[in-house]
Protein chains: 2
Amino acid sequence: MERHLSTSTAGTRKKRGEGHTRRDEILLAAKKLFLREGYEATTIRRIADVVGVSAPALYLYFKDKEAIMLALCDETFGNLVENMSKLEKTKLPPLERLRRCGEAYVRFGLDNPQEYWLTFLSGNTPKKVKEAKELSRTPESIDPNEPGAASAMAFAKLMGMFRDIEKAGMPLYFPVDTAAELVWMGLHGLVAALINNPEFPWTKRDILIAGMIDMAVRGVVRLP
Amino acid sequence: MERHLSTSTAGTRKKRGEGHTRRDEILLAAKKLFLREGYEATTIRRIADVVGVSAPALYLYFKDKEAIMLALCDETFGNLVENMSKLEKTKLPPLERLRRCGEAYVRFGLDNPQEYWLTFLSGNTPKKVKEAKELSRTPESIDPNEPGAASAMAFAKLMGMFRDIEKAGMPLYFPVDTAAELVWMGLHGLVAALINNPEFPWTKRDILIAGMIDMAVRGVVRLP
DNA sequence: TTTGATAAGTTATCGACGTTAAGTTACAAG
DNA sequence: CTTGTAACTTAACGTCGATAACTTATCAAA
């Protein structure tokens, strides 16, 4: 039973009130395993082994395995939300903002395939079904501390960009909600396809990304 | 330990040379469980219980659990291939053929969400990676008896429609391969989104299907 | 008609999984 | 110095996919 952590407190019992540091250690170990060896290899027992505690100890800090994974993904999706927030604040034309936002979204998905798969592609756990109802809300109305919040915010921000476009008076072929859903689905399909079939002889990635954005924009907004 | 099959031969030992009928019984039971209770509930033991044999008996007919699931999905995807073959033979304008083919593809995915998820959305097993290299071939070059063949053929047929379109001399915004990939990714994204988030307050399905096809066609082929 | 190869099963078991129950240890406040 | 309790542990449960080793039924040949 090897111990893999090199931090000074690993394997030692935490002092009273220091439990949250153990929580962070668990997330760190889970992330390491998850990125290196994927979802299936990231078991409760292996995480616990890396941290240097027994398996049931993880249940002091997380309700179940899914909660660990959700927390992991939220952490990562937080970066995407950050990037999109920056883009939101720029004074670029709304269409250009959308294009960059779309590109940021796709590149984020491809850079974090495991987390993307887990949040958007893995099966429907009961938890996820419950969570789905929150996705329709505006970014501001989402409690950022609830599990799954970050991905919901990323999605909501992308949706919001389309409302901006309509406010800017650009003529669309569809109602704004439908347009937003269709474009997001296109981007999502690109990410999903490349993640789940990375060995497939696709066209070069950069061309597909630019191409999907072109196709989606041309297909949705009436250009001069 | 209840026995659930009502066919006369259920639970009784097969005569020599009749093993293939047991194989069919296993697939039937697996399909029943899979459709009613999803992937996780479809365990080797539960399938065996429905068939009326012991669990290890399934390994006489299938290499592992994944082989059962793949055979199931291939059976279902065969129907899609059939539909698409019919559309291929019609003398409609190539663009209209593509539209109908796209709609058939999406509706198939939504009508068979479990099978679609398992073939296109579930994680990358080693088997799938190996299988991916066959997807680039033409429909005729695929051995229809290999596992995973049906989904590969469905995909290849959709790709082929784009070659027809180019042969018909329609101007595209992209090279034909790229165009085919982009449109398929759009359709795929639509199916994936609706399957994995069925509770989400999306626009009405029919509108999304027609809309995605409109968006994709308008985004890819230069219309008069 | 008996025999024997073998198809078609069985039971027993393995190691791994997520998770829970119940017991233990160390620390900090009174 | 006691005592409550946070922070653990060990043991175990039920489930999973899968394998090994054994049994039973069938059919063809001797």
With the calculation restricted to Cα positions, what are the radius of gyration and Dmax of segment B:4-102 in angstrom? 17.9, 55
Run the accessible area of segment B:1-121 with a 1.4 Å probe and give the carbon-and-sulfur part as a rounded percent. 52 percent
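Taking R0 as 30 Å, what's the FRET efficiency between A:E146 and A:E96 from their Cβ-Cβ distance, rounded to 0.05? Could you put the intermediate results ahead of the total?
Values: r = 33 Å, r/R0 = 1.08.
E(calc), rounded to 0.05, equals 0.40.
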Using only Cα atoms and rounding to the nearest 10 degrees, what angle (0 to 90) does helix A:149-167 make with the longest principal axis of chain A? 10 degrees
Highest GNM mean-square fluctuation among B:P175, B:P144, B:P94, for chain B with Cα springs under 10 Å, belongs to B:P175
Anisotropy class of segment B:141-221 from Cα gyration tensor, a/c 1.5 cut: oblate
Of B:G148, B:G169, B:G160, the one that fluctuates the most in a GNM where chain B has Cα springs shorter than 10 Å: B:G169
Can you tell me how segment A:73-116 classifies by the Cα gyration tensor, rounded, prolate or oblate, using a/c under 1.5 as the rounded cut? oblate
Output for segment B:136-210: GluC sites (Glu not before Pro) sitting in coil per DSSP, at most 15 other Cβ within 10 Å, listed by number, reads B:E199
Nearest 10 degrees, 0 to 90: helix A:205-220 Cα axis against chain A principal axis: 50 degrees
Report, for A:K63, each distance to the same residue's label point in the other copies, shortest first and in nm; define the point 7 Å along Cα→Cβ. 4.0
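Rounded to the nearest 100 Å², what is the sum over both chains of accessible area buried where A meets B, with a probe of 1.4 Å?
The buried area between A and B, both sides summed, comes to about 3800 Å².
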Name the residues of segment B:49-89 whose amide N is less than 12 Å from a point 7 angstrom out from the Cα of B:K32 along the C-beta direction? B:49-53
Rounding to the nearest 10 and keeping the result within 0 to 90°, find how far the Cα-based axis of helix A:19-41 lies from the longest principal axis of chain A. 70 degrees
Compute the label-point distances linking B:L110 to its equivalents in the other copies; points lie 7 Å from Cα along Cα→Cβ; give nm, one decimal, shortest first. 2.9
Using only the C-alpha atoms of chain B, find the volume of their convex hull and express it per residue in Å³. 150 Å³
Net charge dipole size for segment A:66-220 [Lys, Arg +1 and Asp, Glu -1 on Cβ; Debye, nearest 20]: 420 debye
Before I look further, what does chain B give for accessible area per residue, probe 1.4 Å, in whole square angstrom? 49 Å²
Using only the Cα atoms of the protein assembly as shown, each taken as one equal point scatterer with no solvent, compute I(q) by the Debye sum, divide by I(0), and report log10 of the ratio at q = 0.06 Å⁻¹. -0.30
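For chain B, what does the helix formula give at 222 nm: sum of -39500 (n - 2.57) over DSSP H segments with n ≥ 4, over the residue count, nearest 500 deg cm²/dmol? Display every interim value, and only then the final one.
Numbers: 9 runs with 141 residues, N = 224.
Taking each H run of at least 4 residues, the total per residue is -21000 deg cm²/dmol.
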Charge dipole (the protein assembly as shown, unit charges on Cβ, about Cα centre) - positive-most of B:N196, B:M84, A:Y39: A:Y39
Would you tell me which residue of chain B has the beta carbon closest to the rotation axis bringing chain B onto chain A, and how many whole Å away it is? B:G189, 1
Which of B:K91/B:K167; B:K89/B:K167; B:K86/B:K167 exceed 18 Å between C-alpha atoms? The answer is B:K86/B:K167
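Would you mind giving the average projected area, over all directions, of the Cα convex hull of segment B:19-62 in nm² with one decimal? Show your work: numbers first, answer last.
On the way: hull surface 10.4 nm².
So the mean shadow area of the Cα hull is 2.6 nm².
The values are calculated or read from the model by the stated rules, or taken from the named source; none is laboratory data. What you see is a predicted model; the values in this text were computed from it and never measured. No Cβ is skipped: glycine too gets one built from the backbone with ideal geometry, and neighbour counts run over all protein chains shown. All accessible areas refer to the heavy atoms of the entire protein, side chains included, with ligands and DNA or RNA removed. Shrake-Rupley method; radii C 1.70, N 1.55, O 1.52, S 1.80 Å.
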